[in-house]
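Q: Pasting a structure below so you can have a look.
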Amino acid sequence: MMTKRILIALSLITLIAACGGPGEEVDVPEAQPAGATSADIGDHVVHFNTQSTDKLPTEYARAYNVVRSKNRAMIIVSVLRESDGIPVAAEVSIETFNLTAQLKNVALRRIDEPGVQGAHDSIYYMGITPVANRETLKFYISVTPEGVNKASEVLFIRQFYTD
């Protein structure tokens with residue numbers, strides 16, 4: 001019985017040692033750059049980002065009536081005039097699909113914030129959608145900046161981890 005335990009313990013130690021650890025011969029993959037967070041659409045630049053709402057500070061979530069949850073993603077879109085970086089109003093819509101082509105409903109609402117210390121006011125569009133662990137979403141954004149007659153399309157993809 002004791003011999004059997006010793007053999008099991010040695011087998012486990014061998015397995016653990018075979019897994020390796022930090023050392024000179026370890027091949028560590030290079031980190032991949034984050035996906036794009038902006039797109040140039042002529043005279044304007046569209047900025048976009050997503051994050052799970054559980055990462056929002058409590059004050060922000062309360063101020064904008066956002067439920068904090070690791071299973072909810074927030075999408076933020078803003079449009080700046082390229083020449084001077086001033087925020088502009090726009091018609092913004094979004095269609096969101098997962099990799100099985102299921103449509104995820106995202107209703108955008110416009111948020112206006114006054115500028116501080118002489119800065120320009122902020123204008124951005126925020127939407128919330130449910131997400132599952134390891135779910136990848138494709139965001140198709142249609143943007144028509146104020147004073148522009150033609151919509152521009154922006155696509156970005158993000159994967160969410162909720163566990």
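Q: Compute the signed sum of charges (Lys and Arg +1, Asp and Glu -1) over the other residues within less than 11 Å, Cβ to Cβ, of N133.
A: 0
Q: Just flag the trypsin sites (Lys or Arg not before Pro) in the range 78-163 sitting in loop per DSSP whose Cβ has no more than 11 other Cβ atoms within 10 Å.
A: Hits after loop and neighbour filter: R134, K150.
Q: Amide H of S122: which non-local residues (sequence gap of 5 or more, or other chain) have their own amide H closer than 5 Å, using H built in the peptide plane?
A: Correct list: E113, G115.
Q: Quick one: which residues, 5+ away or cross-chain, put their amide H under 5 Å from the amide H of K104? H built at 1.01 Å from N.
A: For K104, the qualifying residues are T96, F97, N98.
Q: Quick one: which residues, 5+ away or cross-chain, put their amide H under 5 Å from the amide H of N49? H built at 1.01 Å from N.
A: Long-range HN contacts for N49: I76.
Q: List nothing, just return the count: lysine pairs in the range 37-160, 8 or more apart or interchain, with Cα separation under 19 Å.
A: Here the count comes out as 4.
Q: Next question. Taking θ as phi - 60°, what are the ³J(HN,Hα) couplings along the range 58-72 by the Karplus curve (6.51, -1.76, 1.60), each to the nearest whole Hz, with x for Gly and Pro?
A: For the range 58-72, the Karplus curve yields 3, 4, 5, 4, 5, 4, 10, 6, 10, 6, 7, 6, 6, 9, 10 Hz.
Q: Could you please report the charge total around N98, scoring K, R as +1 and D, E as -1 over all other residues with beta-carbon less than 13 angstrom from its beta-carbon?
A: Local charge sum for N98: +2.
Q: For the range 37-160, count the residues as N, evaluate 2.2 N^0.38 Å, and divide the Cα radius of gyration by that value, please.
A: Relative to the 2.2 N^0.38 Å estimate, the range 37-160 comes out at 1.08.
Q: Quick one: net charge of S83's neighbours, Cβ under 13 Å, K/R +1, D/E -1?
A: -3
Q: Now a separate question. About its Cα centre, what dipole magnitude does the range 37-160 give when the only charges are +1 on Lys and Arg Cβ and -1 on Asp and Glu Cβ, stated in debye to the nearest 20?
A: In total the dipole reaches around 740 debye.
Q: Let me ask something else. Multiply the residue gap between E146 and D54 by 0.36 nm, knock off their C-alpha separation, and tell me the result in nm, one decimal place.
A: Answer, rounded to one decimal: 29.9 nm.
Q: In nm, what is the difference between 0.36 nm times the number of residues separating R134 and D112 and their Cα-Cα distance?
A: 4.7 nm
Readers should treat all values here as calculations from the given coordinates under stated rules, not as data from a laboratory. Bear in mind that the values here come from a model prediction, so they are computed numbers and not experimental data. Cβ sites come from the backbone with ideal geometry, for glycine too, and all protein chains shown count toward neighbours.
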